[in-house]
Amino acid sequence: MTINIQKIQINHASSIKILLDQLGYKVTLFIIEKQLKVLLDSSNDIIYGAVCKERLVGLMHITKMHRLTSPSFAEIVTLVVHERERKKGIGKALIEKGVLWAKEQSVELIRVRCNMKRNAAHQFYANLGFELIKEQKVFQTSSSDFLLS
């Protein structure tokens, strides 16, 4: 099986929706297309797709992050491989491409956040040499619901 890693284009939106649905993300095609337009124009973000026989079988979104409290780093914010294509090296190939992009951005540190319930993903990242450094909880609110005093 030959896999081609390439930059995602807006016409991949419906295939991206299928992949995100498999991870449990209930995002509409409209939102995916809207976000793709923003991300494809961003110099701090890149989205790679794994294509086999003209079919999108995986994707990875990686972004360059800047914080006051640490040197800049690259963060893998989405990595998904089609459920029928897992354990074939596609995820690793996407990450390798992302690491090369990070190096081009003069970034050494690569991070990934992973849901606590995704045990297979935890093992996958550990096998690639990622080290668990922190567990955390995520809180959010809507700006329109936030109580301003």
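Any read-out appearing in this document is the output of simple, stated calculations on the displayed coordinates, not a laboratory observation. Owing to the predicted nature of the structure, the values given are computational and were not obtained by experimental measurement. Here the Cβ is made from the backbone with ideal geometry for all residues, glycine too, and neighbour counts use every protein chain on show.
Show me, for region 83-99, the HN-Hα J-couplings you get by feeding each phi into the Karplus relation (A = 6.51, B = -1.76, C = 1.60, θ = phi - 60°), rounded to Hz, glycine and proline as x.
4, 7, 10, 6, 6, 10, x, 5, x, 5, 5, 5, 5, 4, 5, x, 5
At most 11 other C-beta atoms within 10 Å and a DSSP loop state: those are the exposed trypsin sites (Lys or Arg not before Pro) I care about. Give me the longest piece of the chain that has none.
Here the longest run is 54-83.
If we count every other residue with Cβ under 14 angstrom of K117's Cβ, Lys/Arg +1 and Asp/Glu -1, where does the sum land?
Every neighbour counted, the sum reads +2.
Evaluate the charge dipole of the chain about its Cα centre and quote only its size in Debye, nearest 20, assuming +1 on the Cβ of each Lys and Arg and -1 on the Cβ of each Asp and Glu.
So the dipole magnitude of the chain works out to roughly 360 debye.
Using Cα-only point scatterers and the Debye equation, what is log10 of I(q)/I(0) for region 44-149 at each q in 0.20, 0.21 Å⁻¹, rounded to two decimals?
Debye intensities relative to I(0), on a log10 scale: -1.12, -1.19.
Using the 10 angstrom Cβ neighbour count as an exposure proxy, how do Y25, Y125 rank, fewest first?
Fewest-to-most Cβ neighbours within 10 Å comes out as Y25, Y125.
Once R0 is set to 30 Å, what does the formula 1/(1 + (r/R0)^6) return for the Cβ-Cβ distance between R86 and Q136, expressed as a FRET efficiency to the nearest 0.05?
Working from the Cβ atoms, E equals 0.70.
So who's got an amide H within less than 5 Å of the one on R111, skipping anything under 5 residues away but keeping other chains? H placed 1.01 Å off N, in plane.
The answer is A74, E75, I76.
Count charges around V57 for me, please; just the other residues with Cβ under 12 Å from its Cβ, Lys/Arg as +1, Asp/Glu as -1.
That works out to +2.
Could you tell me which GluC sites (Glu not before Pro) in region 102-149 are loop residues by DSSP with no more than 14 other beta carbons within 10 angstrom of their beta carbon?
In loop regions of region 102-149 (DSSP not H, G, I, E or B), the sparsely surrounded GluC sites (Glu not before Pro) are E108, E131, E135.
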